[in-house]
Amino acid sequence: MIGMILFHLLVFPGMLFTAIAGLLVGWLDRKVSAWFQFRVGPPLLQNFNDFFKLLGKETIIVKDAVKSVFVLAPLAAFAVLTLIATIIGMALFYNLGFAGDMFVVMYLTMTFSVMVILGGSATGNVYSSIGAGREMKLLLADELAFILVFLVPIVKSGYQVQFDQILSYQQNAGAIIGSPSGIIAFIIGLLCIQAKMTLAPFHIPEAETEIVEGPFMEYSGPLLAFWKLDHYMMYVIFPFLLVVLFLGGFNLMGLGFLWSLLKYLAIVVVMIIIKNTNPRIRIDTTLNFFWKYASPLAFIAVILAVLGV
Amino acid sequence: MAINQLSLLVLVPLIIAVLNLFLPVILRKILAALGLVWLLILNYQLFINPVAEIVIQGVAVLAVDKLALVILTFIQILAVIILVFSLKGVSPKIQKPYYVLYPLTLAFCNGAVLSVQALSLLIFWGLSGIALYLFNLLGDEKTTPETAKKTFIIVGGSDVFLILGLVLIWFLMPHNGGALWNLKIGLSGELAYTAFFSLLIAAFAKGGGFPLHSWVPDYSKDAPVEAVAFLPASLDKLLGIYLFVRIVWSLFALNFGIHLFLMTIGALTIIFAVMMAMIQHNGRKLLGFHAVSQVGYMILGIGSGSIIALIGGLFHLINNTIYKSNLFLALGSVEKKTGTNELEELGGLGGKMPLTFGFALVGALAISGIPPFNGFFSKWMIYQGILDLAKGVAPGYQVWLLVCLILAVFGSALTLASFMKFIHAIFLGRRPAKWDNISRAPLNQWLATGILAALCVIFGLWAIHLPITKLILPVIGEFGFSVPQMLGYYNPILVVLLFGTTLILGLIIYWGVRKVRLDAIYLGGMDALEHFRVLGTEFYKEIRDMKPLKAIYNGAEKKYFDIYDISGRCSFAITRLFRAIHNGQLHLYNLWIVLGMLILLWVVL
């Protein structure tokens with residue numbers, strides 16, 4: 001029993017699987033982004049090389065920083081993402097409820113942002129602090145819409161809050177994206193995860209040209225490696241979340257596997273396209289966008305779901 | 001004749017308070033500490049041996065049931081912990097009255113919870129309000145007298161409604177002889193509704209529910225920090241919500257419309273108070289607005305009519321007293337070292353006061369509902385309860401309930417935002433040079449905050465096994481309900497084990513490859529001057545300046561939504577009118593007399 005739990009956590013669908021898949025999808029991101037810019041792009045294993053190279057580099061820590069927080073933040077973020085990956089993966093690959101339900105995952109995703117904020121703020125660097133503040137505002141911007149997006153499958157499935165039950169409902173009644181409320185919620189959900197991953201146009205907390213990677217500015221060596229890995233792991237976790245909530249999960253048998261892979265890759269490619277075709281927007285514009293447009297739209301989706309549409 | 005234990009819970013602190021009037025400070029502390037530990041033991045014995053009610057002239061006056069026992073338990077626990085914090089650090093100027101008022105307040109609060117008769121409830125409730133006022137007067141801010149007056153008017157004024165409510169109940173149930181609680185009065189007719197809303201006002205004013213909350217943030221800023229942790233953060237919350245539970249679940253039999261109304265009030269309390277908390281620049285005021293916001297979750301859960309949400313609401317009451325007093329005391333430790341609670345003046349103290357920082361962080365994460373701390377579990381139960389309710393109602397009501405849920409969940413994100421600002425402004429970010437020689441908080445202070453932080457963890461991990469099974473489920477059983485199946489699934493211990501395993505693995509990898517070098521802050525080659533510092537207080541300026549929030553915030557800062565100020569303005573307007581018509585001219589007075597007589601004649605005839 002303990003062995004199986006550890007396997008799920010550390011190997012599949014948890015840490016190792018999410019990390020490897022994330023680094024590979026990260027390559028896809030870099031490659032497609034390069035094509036958009038008429039470049040060749042990196043080789044397949046470039047992200048692995050980067051990660052291991054960073055592990056061997058020096059860790060520079062600010063003398064006056066709160067060092068424990070600075071060191072623990074990226075590792076705790078890594079642990080949180082592994083946990084989320086395991087919970088979602090267990091539903092997706094094994095059709096099992098594991099450790100927590102949708103509310104647990106909703107709050108755990110906030111925990112990742114907490115770690116970014118704490119890690120960035122621990123250094124005392126002005127750019128890191130600005131980035132940390134922006135990270136929080138970005139979370140506030142997308143969270144309202146994210147909550148509403150979560151509510152649509154909950155309502156559609158007859159008020160189920162466990163991932164496996166949402167999947168079971170979709171196996172019987174068809175994917176939630178097949179309904180008007182489902183389509184609206186899925187599109188808003190896609191934008192929310194774009195913001196949660198701080199991908200363009202929402203890369204406001206990092207804003208390289210403006211605040212030099214923000215919360216991550218003082219990070220180097222293995223700790224930066226973990227932040228990079230965390231970022232790539234999200235390329236697996238958040239699209240998987242949308243697959244569970246709206247696309248009816250995965251079918252791993254025969255041609256179903258190919259279809260499942262396509263569903264996942266379609267989400268990733270759309271995210272990469274949005275990322276490469278939009279400039280960074282200001283934080284107040286983001287707040288306005290999510291609170292005044294995306295959230296009311298998502299609320300309409302919730303009302304439609306209540307009406308059974 | 002053996003003395004009834006229940007009377008000891010009132011008499012012991014009362015006697016300590018009287019003795020402390022005459023003792024030197026050191027003996028006051030010792031006596032208060034010994035007395036409070038004794039009370040804790042007495043309280044524990046109530047769990048083991050049931051105690052007979054106290055009857056005076058054939059009327060039961062004091063008694064303890066399961067709900068009262070839970071409230072009493074946390075009153076004694078928090079009183080002991082906050083006393084530990086107070087042993088070293090209370091301003092010498094106020095030490096003497098402090099150690100008189102402290103046990104006195106405890107006696108009144110214990111008395112109010114034990115009361116099962118209208119008159120004794122009124123007396124103890126009123127006296128606890130006076131103790132709240134007197135504690136406020138111990139503060140040394142310029143605005144302290146004004147705040148004390150405001151507190152007294154709102155909390156004391158609400159006692160009038162308590163009297164009205166209890167008298168109306170006596171009218172409704174004349175054969176009951178003023179006995180309270182398990183009456184289940186149906187809400188039909190004006191009298192029943194008036195009684196219900198009157199009692200609700202009393203409960204909200206004490207607990208800090210919207211719109212009677214406005215004394216809490218002011219009190220938080222202007223009273224001594226120990227008093228704030230003791231009363232608005234802990235004991236008053238326990239009393240106010242205790243009365244609220246009684247009103248909703250045993251005094252009246254409510255209809256769905258009233259449940260919906262209460263849930264709406266709860267959701268609005270959450271969102272209004274947290275939005276105000278976000279923009280505060282003073283640490284204590286920020287925490288004060290959160291003390292209000294958290295009441296919203298309790299009102300939402302307890303007022304919903306769902307058993308799961310009731311359990312969640314009661315659990316949230318306990319949790320809130322724990323992490324809120326933790327946060328006030330942690331800020332108190334900082335304040336006692338630096339002499340300020342203005343967030344703009346603080347920063348980077350995490351390295352200088354690591355234990356206080358760690359415990360405050362636990363409190364901040366717990367109040368924000370981050371798993372696996374206790375705050376998440378209670379919120380999670382409240383959410384389950386609301387969804388469970390929504391399953392069985394018409395679509396219109398479903399949407400209403402979902403809006404309440406959305407506001408509650410989003411309120412959690414706003415709470416997190418507010419506490420990230422709090423933590424950043426005090427403990428993280430750049431430390432001003434003037435705080436370079438700050439030392440750690442004394443042992444008694446971090447022991448108090450440490451125990452409270454430990455409770456946040458323990459109640460989060462073993463929520464079902466400890467507080468819910470041992471304390472709350474017996475209350476639910478006594479109300480005559482069974483616990484329905486939960487919709488969701490959450491195993492906090494498994495979550496922590498999984499998280500911990502990966503964290504340890506990450507640490508091992510880091511430890512194995514690390515080559516650490518310490519260096520100065522990097523600002524692209526520029527000197528890291530002290531004024532290159534982000535205060536944290538301006539984190540949410542964009543939200544403050546957003547339309548239409550800007551107008552609401554401006555209105556709130558001018559106190560347009562403060563019931564105390566609104567009432568004040570109305571009274572002054574009426575007074576001005578009367579002043580204008582009483583201008584000292586005789587013929588005008590004659591006119592008023594004639595007009596008055598004509599009106600009287602018209603009414604009588």
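Some notes on this structure:
- Averaged over the residues of peptide A:63-70, the number of Cβ atoms from other protein chains lying within 10 Å of each residue's Cβ is 6.
- Cα pair distances of the protein assembly as shown binned at 20 Å [whole percent]: 14, 45, 31, 9, 1, 0
- For A:112-121, mean number of other protein chain Cβ atoms within 10 Å: 5
- Electrostatic bookkeeping for B:L407 treats Lys and Arg as +1 and Asp and Glu as -1; over the other residues with beta carbon under 15 Å from its beta carbon, the sum is 0.
- What the Cβ-Cβ distance of B:W511 and B:V457 gives, at R0 = 25 Å and to the nearest 0.05, is a FRET efficiency of 0.55.
- Rg and Dmax of region B:563-604, Cα atoms only, in Å: 14.2, 38
- Chain lengthening between B:V25 and B:L601 when straightened (0.36 nm per residue, less Cα-Cα): 200.7 nm
- Per residue, the convex hull around the alpha carbon atoms of region B:280-331 comes to 48 Å³.
- Charge tally for B:N182 (other residues, Cβ to Cβ under 11 Å; Lys, Arg +1; Asp, Glu -1): 0.
- Shape annotation for region B:501-605: C-alpha extents along the principal axes are 97, 40, 24 Å, from largest to smallest.
- Modelled label positions at A:Q46 and B:N444, each set 7 Å beyond Cα in the direction of Cβ, lie 6.3 nm from each other.
- Rh by Kirkwood over Cα pairs, then Stokes-Einstein D for region B:435-577 at 1.567 mPa s and 4 °C, µm²/s: 55
- Average silhouette area of chain B, convex hull of alpha-carbon atoms, in square nanometres: 36.2
- DSSP loop trypsin sites (Lys or Arg not before Pro) with at most 11 other Cβ within 10 Å: longest gap in chain B: B:185-514
- Inter-chain neighbour count for B:418-429: the average number of beta-carbon atoms from partner chains within 10 Å of each residue's beta-carbon is 5.
- Here the ratio of the Cα radius of gyration of region B:1-254 to 2.2 N^0.38 Å is 1.00.
- Taking the C-alpha atoms only, the angle from helix A:126-156 to the longest principal axis of chain A is near 10 degrees.
- For chain A, the relative contact order is 27 percent, taking Cα pairs closer than 8 Å that sit 6 or more residues apart in sequence and dividing their mean separation by the residue count.
- Each label point was placed 7 Å from the Cα along the Cα-to-Cβ direction; for B:D527 and B:I123 their separation is 7.1 nm.
- Net lengthening on full extension, B:N4/B:K550 (0.36 nm per residue, minus Cα-Cα): 190.8 nm
- Inter-centroid distance (Cα atoms) of region A:1-29 relative to region A:219-261, Å: 9
- Under 5 Å, built H, 5+ apart or other chain: amide partners of B:V61: B:I54, B:V55, B:I56
- Pairwise Cα inverse-distance average, inverted: Kirkwood Rh of region A:262-309 (Å): 13.0
- Put the Cα centre of region B:226-271 next to the Cα centre of region B:486-518 and the gap is 38 Å.
- 0 to 90° range, to nearest 10: angle between helix B:354-367 axis and chain B longest Cα axis: 50
- Three principal axis extents of region A:213-309 based on alpha-carbon atoms, in descending order, are 49, 42, 23 Å.
- Of all DSSP-defined beta bridges confined to the protein assembly as shown, some 55% are antiparallel rather than parallel.
- Only Cα pairs under 8 Å and 6+ residues apart enter the sum, and on that basis the relative contact order of chain B stands at 13 percent.
- Entry note, region B:1-254: relative contact order of 20 percent, from Cα contacts under 8 Å with a spacing of 6+ residues.
- Measuring against 19 Å, Cα to Cα, the residue pairs A:K53/A:K228; B:K96/B:K237; B:K206/B:K421; B:K324/B:K352; A:K137/B:K559 contain B:K96/B:K237; B:K206/B:K421; B:K324/B:K352; A:K137/B:K559 as the ones spanning a longer distance.
- Computed from Cα atoms alone, the Kirkwood hydrodynamic radius reported for chain A is 19.8 Å.
- Here the translational diffusion coefficient of region A:94-166 follows from Stokes-Einstein with Rh set to the Kirkwood radius across Cα pairs; for 20 °C and 1.002 mPa s it amounts to 153 µm²/s.
- With neighbours defined as other Cβ atoms within 10 Å of a residue's Cβ, the residues A:Y169, B:Y323, B:Y219 order from fewest to most as A:Y169, B:Y323, B:Y219.
- Neighbour-count order for A:I154, B:I130, B:I71, fewest beta carbons within 10 angstrom listed first: B:I130, A:I154, B:I71
- Net charge contributed by nearby residues that have their C-beta within less than 14 Å of B:L428 (K/R +1, D/E -1): +3
- Three principal axis extents of region B:194-279 based on alpha-carbon atoms, in descending order, are 41, 25, 17 Å.
- Distance (nanometres) between label positions extended 7 Å along Cα→Cβ at B:C570 and A:K292: 3.5
- Cα pair distances in region B:401-449, grouped into 5 Å bins until the bin that holds the longest one, percent each: 5, 15, 12, 15, 16, 13, 9, 7, 5, 3, 0
- Cβ-based exposure ranking for A:Y264, B:Y589, in which fewest neighbours within 10 Å come first: B:Y589, A:Y264
- Note that region B:99-199 shows a convex hull volume over its alpha carbon atoms of 86 Å³ per residue.
- Cβ-derived FRET efficiency at R0 22 Å, B:Y560 paired with B:A580, nearest 0.05: 0.35
Each reported figure results from applying straightforward, stated rules to the coordinates on display, with no laboratory input. Predicted model only: the values in this text are computed from it and were never measured. Counting neighbours? That spans all protein chains shown, and the Cβs are built from the backbone with ideal geometry, glycine included.
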